[in-house]
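This report refers to the structure that appears directly beneath it.
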Amino acid sequence: MIENLNDPLVHLIRNAVDHGIESAAIRAARGKSATGRIHLSAVHSGAQVLITVTDDGGGLDRDVIRAKALEKGLMTAGQELSDSELFAFVFQPGFTTSQVVTGVSGRGVGMDVVKRTIDALRGTIEVTSSPGSGTVITCKLPLTLAIIDGLLVRVEGCRYVIPLSTIEECVELSQEQDLRSGGRSFLNIRDVIVPFLRLRELFNATGSPEAHQKVVIVASGDVRVGLVVDQVIGQYQTVIKSLSILFREAREFSGATILGDGTVALILDIPHLIRFAQTREMMRK
């Protein structure tokens, strides 16, 4: 993993230097020190390693990114996007906001390499930026071998592990509530609408669902999603084992673990499941 991160980190730091840090004159006019600062950090958080590149530059220009995305046909005029959706365009191949091609930037390559590499490592990227204050790019990577606390759940005859660090709460989904949803996968939890994903449908489970299914509310960043399971078995300390290269396309799972009875339980990759739920809901609209 360390070897694979070499190129992405180089690209992120180069972009922070070339795009993020302003000239000394502009920094002085904004009341900053003439010398820019880039901070690289790596921390262990739950079942992930968070690698963060932070700069104190000018931040991402939302108007410039929007204009470039319109020019390349990545969005339509009048389309409303959140900051995270807008910033995701910088990882598109050939996308650059630089007006001049130099040896460091302007060619539209680099950030797409970062995205492809992080995806190949089963990770995710989050970008936050404040105008005039700087940009924070966080790469979230799963631990390939570690012991984590998880919640063991059952869907039909299969068992899965949900990392405890991603769980907010568990609620019950009765048959009445399920029918009341009218086919729309949403729950009202204390006057907050939370979408939910039926793992039984996602994993093509046969048979009928339990009379009283459970919904495990998980979060990734500021996004909350419910995962509908047949049974919550309980907390389970999990030794993560990486999956074979044959299962590289199964992005819903970050690894597997062997239970006490010798059977295998797959560990759910919550960020990828949430992205799947968001994509599916957008397709329904």
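For a protection proxy built on the mean count of beta-carbon atoms within 10 angstrom, sort 115-122, 158-165 highest first, please.
In decreasing order of mean packing, 115-122, 158-165 become 158-165, 115-122.
Please give the calculated 222 nm ellipticity per residue for the chain, where each DSSP H segment of at least 4 residues contributes -39500 (n - 2.57) and the sum is spread over every residue; nearest 500 deg cm²/dmol?
After summing the helix terms and dividing by the residues of the chain, the value is -6500 deg cm²/dmol.
Test of understanding: what is the full-extension gain from residue 63 to residue 193, defined as 0.36 nm times their sequence separation minus their Cα-Cα distance?
Once the chain is fully extended between residue 63 and residue 193, it gains 43.7 nm.
When the convex hull of the C-alpha atoms of the range 147-284 is computed, what volume per residue in Å³ does it have?
So the per-residue Cα hull volume is 123 Å³.
Springs between alpha-carbon atoms under 10 Å, Gaussian network over the chain: tell me which of 78, 36, 134 tops the mean-square fluctuations.
78
For Cα pairs less than 8 Å apart in space and 6+ apart in sequence, what is the mean separation divided by the residue count of the range 6-142, i.e. the relative contact order in percent?
Normalised by residue count, the contact order of the range 6-142 is 30 percent.
Angle, helix 62-71 long axis vs. longest principal axis of the chain, Cα atoms, 0 to 90°, nearest 10?
Between helix and principal axis, roughly 80 degrees.
Over the chain, what relative contact order in percent results from Cα pairs under 8 Å that are six or more residues apart?
16 percent
Could you work out the relative contact order of the range 147-284, using alpha carbon pairs under 8 angstrom and six or more residues apart, expressed as a whole percent?
29 percent
Return the distance in nm (one decimal) between the two label points of a simple spin-label model at residue 275 and residue 222, each offset 7 Å from Cα along Cα→Cβ.
Rounded to a tenth, the inter-label distance reads 2.0 nm.
On a 0 to 90 degree scale, rounded to 10, what angle separates helix 111-120 from the longest Cα axis of the chain?
20 degrees
Each value in this text was obtained by applying a stated rule to the coordinates, not by laboratory testing. Quick caveat, the model's predicted, so the values are computed rather than measured. Reconstructed Cβ throughout: ideal geometry from the backbone, glycine too, with neighbour counts over all protein chains shown.
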